[in-house]
1. Kindly establish whether B:VAL164 is modelled with pLDDT of 80 or more and buried (at least 22 other Cβ atoms within 10 Å of the Cβ).
2. Just one of (1) modelled with pLDDT of 95 or more; (2) among the hydrophobic types (A, V, I, L, M, F, W, C); (3) closer than 18 Å to B:GLY100 by Cβ trips up A:LEU42, so point out which.
3. Within the stretch B:15-39, take every residue that is within 11 Å of another protein chain (Cβ to nearest Cβ) and surrounded by fewer than 19 Cβ atoms within 10 Å (Cβ to Cβ) and give me the one that is nearest to B:VAL108 (Cα to Cα).
4. Which one of these is more than 20 Å from B:LEU163 (Cβ to Cβ) and either out of contact with any Asp or Glu (no Cβ under 7 Å at 6 or more places or on another chain) or assigned to a helix (DSSP H, G or I) (or both): B:LYS245, B:LYS255?
5. Would a scan of the stretch A:51-70 turn up a residue that is at positive phi, crowded, with 22+ Cβ neighbours inside 10 Å and not in a helix (DSSP H, G or I)?
6. Taking the criterion of being under 12 Å from the mean Cα position of the chain (by Cα), in a strand (DSSP E or B) and either at pLDDT below 95 or within 10 Å of chain B (Cβ to nearest Cβ) (or both), would at least one residue in the stretch A:74-90 satisfy it?
7. Among the residues of the stretch B:96-127, write down those that are closer than 22 Å to B:THR11 by Cβ and either surrounded by 24 or more Cβ atoms within 10 Å (Cβ to Cβ) or facing chain A (nearest Cβ under 10 Å) (or both).
8. Kindly check whether there is at least one residue in the stretch B:80-87 that is within 13 Å of chain A (Cβ to nearest Cβ), aliphatic (A, V, I, L, M) and in contact (Cβ under 8 Å) with a residue 40 or more places away in the chain.
Amino acid sequence: MAKERKLRILLGKPGLDGHDRGVKVVARGFRDAGFEVIYTGLHQTPEQIVNAAVQEDVDLVGLSSLSGAHLHLFSEVVKQLKERGCGDMKVIAGGIIPAEDIPTLKKMGVKKVFLPGTPIREIVDWVKKNVKPL
Amino acid sequence: MEKNTTDKILTGDVRAAARLMRGIEDNLPQAVEELRHLYEHTGKAYIIGITGAPGVGKSTLVDTLITSFRKRKFKIGVVAVDPTSPFTGGALLGDRIRMGRHATDKDVFIRSLASRGWAGGLARATLSVIHVLDAMGKDIIMVEAVGSGQGEVDISQVADTTLVVLSPGMGDEIQMMKAGILEAADIFVINKADKEGAESLKVQVEQMLDIIPQNKDKWKPIVILTQAVNEKGIEEIVKTVLKHKRYLVSSGEIKHRRGERARLELVEAIEHFLRLHVNELIDDDNFQSIAAALAQRKIDPYSAAEQVLNRTIISKKLRKSVKKN
């Protein structure tokens, strides 16, 4: 009975969002699903998030943005992850993101975007299905 | 992972170090293999343990200590341990939020660990993760963990200097009565010293320390008031830690403490191989049928265990698995 490896997930909020209620709900949901969640707090730069992701050796990076700078900030995170040799880390996103930006984000390398109101159950199920320990 | 992972880590490669730490946590055989190569390059770092009840301000304290040590050009590693939920198996690792300003300092490596069911506040992987940071060239490694009343004893076995952090109004008087905490601390930190009750808590701790017979040649624990959030008292902590270090070295006690740590590590390594063996034993049909017989009350647990272990097989298999791993 080999023990199943635990998933390590980093949740980051790049940019100038004023609150983090939503991402905290996701963090708790992930913990309740048996994942190990590292939350890096508000007002992070892409560089801070990527540094944390590398040090923590996470399998998944979840980005949340409410203030509209998602296209720039998320692409920075994806780019820097690749530069640090972490292109195998999957990136997902959530927050206030216009539906028409989703194809652009996907092209940048964001695997999935979860819009507000998505049940936590759905996000957890997606992670369980699509993310394996690296 | 061959020798070049060791070389990468020795030159400070963050990704290689982080990957190895993950392998250690997940008990991957190649990680154990890598640790064999790495071990001779460890032993240089100075380890500071920081423990205390949740909410006393440990992470904020660690954050300000990092700043203070960085001013002195020390390279820093931080291991922040948080409890795994016994119900869900998951964990919220939020300590590094308080250390955000160091997130882009190349000479600071912060690693969060979930306890994964390990009793006493630490994680099984803690010592090995410390070794990786040590081999990377960190001068000081801070280990932060929640104290559980008995947990403080564990952290003091891992650290050279142990800080026990208290805060007024948290019922710490009771905490302190719990076995081991008074003996475990080299430095008591009373954080949130601007709150009411801080001075009287300091007096209480000092009175308790007076009751313990002190050998005048040995280190007498010091009580320091801090307001980590305002960076007050931090310089005093740093100076006291460095003073404690000088004492440990000049008295020779550091050799004794590190000897204790080596013994602890050896026991853990032995248990590692035994655990692997147990995992093999409980993985087959023989085990299943004996367990079924036990459930039907056809046999008692101890006779059942002996059947599973069957003494001659254990020593043969154990020798094989030690060789293999």
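The values are calculated or read from the model by the stated rules, or taken from the named source; none is laboratory data. In this text the structure is predicted, and so the values were computed from the model without any measurement. Quick reminder, even Gly has a Cβ in these numbers, built from the backbone with ideal geometry, and neighbours come from all protein chains shown.
1. Values: modelled with pLDDT of 80 or more: yes; buried (at least 22 other Cβ atoms within 10 Å of the Cβ): yes.
It is true that B:VAL164 is modelled with pLDDT of 80 or more and buried (at least 22 other Cβ atoms within 10 Å of the Cβ).
2. Status for A:LEU42: all satisfied but (1).
3. The extreme case among them is B:ARG15.
4. Numbers: B:LYS245 fails: more than 20 Å from B:LEU163 (Cβ to Cβ).
That would be B:LYS255, the only listed residue that is more than 20 Å from B:LEU163 (Cβ to Cβ) and either out of contact with any Asp or Glu (no Cβ under 7 Å at 6 or more places or on another chain) or assigned to a helix (DSSP H, G or I) (or both).
5. Taking the stretch A:51-70 as the starting set, the residues that turn out to be at positive phi are A:57, A:68.
With the extra rule that they be crowded, with 22+ Cβ neighbours inside 10 Å, the set shrinks to A:57.
Those still in the list that are not in a helix (DSSP H, G or I) too: A:57.
Yes - at least one qualifying residue is present in the stretch A:51-70.
6. No, there is no match, as no residue in the stretch A:74-90 is under 12 Å from the mean Cα position of the chain (by Cα), in a strand (DSSP E or B) and either at pLDDT below 95 or within 10 Å of chain B (Cβ to nearest Cβ) (or both).
7. Filtering the stretch B:96-127 down to residues closer than 22 Å to B:THR11 by Cβ leaves B:102-111.
The answer is B:HIS102, B:ALA103, B:THR104, B:ASP105, B:LYS106, B:VAL108, B:PHE109, B:ILE110, B:ARG111.
8. Within the stretch B:80-87, the subset within 13 Å of chain A (Cβ to nearest Cβ) is B:80-87.
Applying the additional criterion that residues be aliphatic (A, V, I, L, M) yields B:80-81.
Of the ones still in play, those that are also in contact (Cβ under 8 Å) with a residue 40 or more places away in the chain are B:80-81.
Yes.
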